[in-house]
């Protein structure tokens, strides 16, 4: 997969099959669309193109500082790379771009820039200025500009519609099992290992403190999780606490990972942490001894859950 960070830098003489959207989460519903795109393009001898946008339109149009996305743009690109796409275009979303009419969007971007032959989109897709474009307009424009349109119906898992909104709500409530089921992979947090208070080492549970710099990234419910990371091409498991560390009078939220049977210095490394299982809510303990006892129990439960992997 080749990635472009502005649609103006993409040039091709070949006809393309295209899909469009934010694709936050790259979940099962998204994969249904992308799989259809890739398969149809290969069958027709065309190139597959996914056009997405960054920042998220709500961050630009609504100045929504509280928006919480499932993926950082880097995580999204990594996930999309695994789908078999030929091209990924991450186009900057700004006020000027938002003013493109649906007609101009189709003519200038899809037809002139992407040389489109077929557009495959998800159910109830809208585009263009004020989201005025819909499937009816797309069908009309496709006849005018000689390309085809296919709409993929809403995808269900166990009769529950999969959506990024449902996944975000599941993560916020600690329902990691449902979130991971809908995603089709483990939800992840990515960040640099930074210096902490080093209290974990003093009580027998040294931790890597993960700094997630993307303010728009969704941080799941506070609590303790069973996790996995790939370090030096090896799968390393452990447990992670997201929270304010009330037992030691913490003042702000931290993300701390204790890796099992692992000793290497991780400072300043960039890690991706996969969340496998939600163990328990964060709790304030009256003494450090009680905290240590709980952490020992957490590790025992985590190792049991990971039996066969460690």
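Throughout, read-outs are computed from the coordinates displayed, never taken from laboratory work. Quantities reported herein were computed from a predicted structural model and do not represent experimental measurements. Cβ coordinates were reconstructed from backbone atoms using ideal geometry, including for glycine residues, and neighbour counts include every protein chain displayed.
Largest first and in whole Å, the equivalent-ellipsoid semi-axes of region 1-71 read 26, 16, 8, each the square root of five times a Cα gyration tensor eigenvalue.
Which FRET efficiency, nearest 0.05, do residue 244 and residue 148 yield, Cβ-Cβ r, R0 51 Å?
Working: r = 53 Å, r/R0 = 1.05.
Step by step, r from the Cβ atoms, then E = 0.45.
Send over the semi-axes of the chain's equivalent ellipsoid, whole angstrom and largest first, taken as the square roots of 5 times the C-alpha gyration tensor eigenvalues. It would help to have the intermediate numbers written out before the result.
Values: eigenvalues 364, 70, 61 Å².
Working through the eigenvalues yields semi-axes of 43, 19, 18 Å.
Can you tell me which of 186, 30, 252 moves the most in a GNM of the chain? Springs connect C-alpha atoms under 10 Å apart. Evaluated over the chain, the most mobile residue of the options is 252. Label positions at residue 43 and residue 203, each projected 7 Å from the Cα along the C-beta direction, are separated by 5.8 nm. Estimated purely from DSSP H runs of n ≥ 4, each contributing -39500 (n - 2.57), the mean residue ellipticity at 222 nm for the chain is -8000 deg cm²/dmol once divided by its residues.
Inter-label distance, residue 14 to residue 98: 3.5 nm, where each label sits 7 Å from its Cα along the C-beta direction.
At 0.36 nm per residue, and after removing the present C-alpha to C-alpha distance, how many nm does the segment from residue 36 to residue 108 gain when stretched out fully? Let's see the in-between values first.
Details: separation 72, 0.36 × 72 = 25.92 nm, distance 2.46 nm.
Extending this stretch completely gives an extra 23.5 nm.
Placing pseudo-labels 7 Å out from each Cα toward the beta carbon at residue 309 and residue 284 gives an inter-label distance of 3.3 nm.
For the options 35, 190, 48, a Gaussian network treatment of the chain with springs between C-alpha atoms closer than 10 Å singles out 35 as fluctuating the most.
Count the DSSP beta bridges whose two residues both fall in the chain, then state the antiparallel fraction as a percent rounded to the nearest 5. Could the numbers behind the result be given before it?
Numbers: 34 of 57 bridges.
Restricted to the chain, the bridges split so that about 60 percent are antiparallel.
The alpha-carbon atoms of region 186-305, seen along their principal axes, cover 37, 32, 25 angstrom, with the largest extent given first. Springs between Cα atoms under 10 Å define the GNM used for the chain, and in it the highest mean-square fluctuation of 188, 239, 59 occurs at 59.
What full-extension length gain, to one decimal in nm, is calculated for residue 214 and residue 301 as 0.36 nm per residue of separation minus the Cα-Cα distance? Working shown, then result.
Values: separation 87, 0.36 × 87 = 31.32 nm, distance 3.14 nm.
Result for the pair: 28.2 nm of gain on full extension.
Seen through its C-alpha gyration tensor, with square-root eigenvalues sorted a ≥ b ≥ c, region 2-161 comes out rounded because a/c lies under 1.5.
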